[in-house]
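Derivation of every value follows stated rules applied to the coordinates shown; laboratory data play no part. All of these numbers come straight from a predicted model, not from anything done at the bench. Counting neighbours? That spans all protein chains shown, and the Cβs are built from the backbone with ideal geometry, glycine included.
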Amino acid sequence: MAARAIGTGTISFGLVSIPVKLYTATSSEAVSFNLIHQKCKGRIKQQIFCPTDNEIVERNDLVKGYEYAKNQYVLFTEEELDALEAAKTNSLEIVEFVPANTVDWIYISKTYYLGPDKGGDKAYKLLSAAMERTKKIAVGRYFTRGKEQLVLLRPYKNGLMLHYAYYANEVRSFDEVDTGAVIATKPIEDELADKLIAQLTIPEFNPEQYRDEYVERVKAAVEQKVAFPRREALPTTLLRPAASGRQDKLPTAKGPRGRPNRPKRRCRANRPAVPNRLPADSPHALSRLIPLTRYRDASSRCAGSCDRDAARPRT
């Protein structure tokens, strides 16, 4: 099935103009949920509420405001905002070309495919091939929907790809991140790290081997709930391995009567002295060790039970 264009535009630089079509390159497959009223099983409706007047506000009574100070706003009408917008020309103006290896991936926001529009096939191919040979990426401004968007244009599979890019003031500096103390490593540690990387290295990135297992479990659970609406719990086969039950636990050793063996309790009188955790110079520290007299009563209480257990015949 052929892809459907979501928009059109014109690439321009110098005296060259190339009509192009814009296509979606990526789409999220993440699952989403709606909020449902548990009582009637109906989807809820969100309303706009004004806490100052304590009333529900209709959308036609709303205006846009910019907060320039805490709880202080300047208001704009739709006409004022329209006058501030850029020209809606859908034109992509190439400003400069830069080496491909100088572009940091952190600046890439969204990705779109570009295809030639009517009359632009030859110029489209020429630009793609020239950028491929010279290893260059185009930096430009894309005027769309009344806004000016910074974009990057690069060759891709005999065609062109468009990247929306962040402005410099929208990217935070990595210097703000605490990367830990400077630690000197030994050559043997560096060699071990290189070996671990070499063991997991493959010739190329293969995204087809990865899948979102959470989405698959949710979709399978949806099918189960549709097929068996009265089932209270999901089958354990749909749950993640860590929550799938006790089958992953080790078997418990059995005693002579088929009961699980329990570790024998240690008599308190035979327990070693516990070191005092208070410093020696503390006014609350009575001694370096807790005296064994603390366990004298426990010893007298458990002596009889220990003797009875020792004299009880084993079966």
Pairwise FRET efficiency - Glu204 versus Val16, Cβ, R0 = 22 Å, nearest 0.05: 0.05
Spin-label pair Phe49/Gln224, simplified geometry with 7 Å Cα→Cβ offset, distance in nm: 3.6 nm
Net dipole in debye of the range 111-151 [+1 Lys, Arg Cβ; -1 Asp, Glu Cβ; about Cα centre; nearest 20]: 80 debye
√(5λ) per eigenvalue of the Cα gyration tensor, the range 75-150, largest first, Å: 30, 18, 10
Pairwise label distance in nanometres, Lys39 with Asp104, each label 7 Å out on the Cα-Cβ vector: 5.4 nm
Full-extension gain in nm, Phe97 to Leu192, via 0.36 nm per residue minus C-alpha separation: 30.1 nm
Sorted by Cβ neighbour density within 10 Å, fewest at the top, the residues Arg211, Arg59, Arg141: Arg59, Arg211, Arg141
In Å, descending, principal axis extents of the Cα set of the range 110-169: 34, 27, 14
Set of aspartates and glutamates near Lys219 by C-alpha distance (under 20 Å), chain-local residues within fewer than 8 positions excluded: Glu29, Glu208, Glu232
Listed pairs Lys135/Lys195; Lys88/Lys157; Lys122/Lys157; Lys64/Lys147; Lys21/Lys45; Lys110/Lys157 exceeding 27 Å between Cα atoms: Lys135/Lys195; Lys88/Lys157; Lys21/Lys45
